[in-house]
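Below: one structure, written as structure tokens.
The values are calculated or read from the model by the stated rules, or taken from the named source; none is laboratory data. Not measured: the values here are computed from a predicted model. Here the Cβ positions follow ideal geometry from the backbone for every residue, glycine too, while neighbour counts run over all protein chains shown. Please note that ligands, DNA and RNA were not included when accessible areas were found on the heavy atoms of the full protein model with its side chains. Shrake-Rupley method; radii C 1.70, N 1.55, O 1.52, S 1.80 Å.
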Amino acid sequence: MPGSCQRIRLPSLTSVLKSTRANSADYPSSSSSSKRCNSSTHSSNLTRKQQHRIVVMGAAKVGKTCIISQFLYDKFNPRYKQTVEELHRGEYDLPDGSALTLDILDTSGSYEFPAMRSLSISSGAAFVLVYDVNDRESWYEVERLRNLIITQKGTKPPIVVVGNKTDIDESERQVEYEVTEMVVCEDWHCGYIECSAKDNIGIVPIFKELLVQANIRYNLSPAVRRRRQSLPSFTSAKGSKSPSHRGAFKRHSCTMT
């Protein structure tokens, strides 16, 4: 992915609100017509934005976090660290001049908390289901997750199935490409990609395919988009900074080709 990516520290919602109120007191609107004009401009800007939540699911140790890390930050960490839940954000320019925001939810593969998994599914607009091509059981987990998603959502949302760890020796492969592709594409009518998060191969096509499944144009501008003002982070009822049940909220801004 061309261009630089970064994680941006988000200010607390309390500080943003205080700043907004202070500015409003110092600079009151001169007329009601000015208010209507500002409101109209703001409404126009909102109509030019698209926002979608992508939920990445799969068994433990299949490489979900590594795929997200390569896609957003061009980084790979070989050390395994169990994920509870982390929310990431990417912002991109679309060909028609509008903006696309992708909220990418990295979920736990251990599923000690069924209620959390159910909430993740209900909040998702599209899904990436990851398995390890060298672990047949992880493929069976993808089958179970797909059935669970369709049952809970009531309809089939955009889904891309991803076979990770193709960098490992072919003799160790337990899930055949041809059979899996036929099941996913012909029977399930979902997208299918094989990749290597370690070697950064096939990572961007995962998210391009997901946009195809969602009927969103994905030939995005190669220029790095202007970085936007950070959004408020989640806050607790007492006004203190809190990651909430979603875990750390991380953000970057770059462009996908």
Exercise. Return the subset of Lys64/Lys165; Lys75/Lys208; Lys61/Lys208; Lys156/Lys208; Lys81/Lys165 for which the Cα-Cα distance in this structure is over 22 Å, preserving the input order.
Key: Lys61/Lys208
Quiz item: How do the peptides 165-177, 201-213 rank, highest first, by the average count of neighbouring beta carbon atoms within 10 Å per residue?
Solution: 201-213, 165-177
Self-check item: Accessible surface, the stretch 49-223, averaged per residue in Å² (probe 1.4 Å)
Solution: 46 Å²
Exercise. Any chance you could get the radius of gyration and Dmax over the Cα atoms of the stretch 49-223, in Å?
Key: 15.3, 47
Quiz prompt | Computed Rg/Rh of the stretch 115-154, alpha carbon atoms with Kirkwood Rh | solution = 1.00
Quiz item: Using θ = phi - 60° and the Karplus form 6.51 cos²θ - 1.76 cosθ + 1.60, what ³J(HN,Hα) does each residue of the stretch 176-185 get, whole Hz, x for Gly and Pro?
Solution: 6, 4, 4, 5, 5, 4, 5, 4, 5, 7
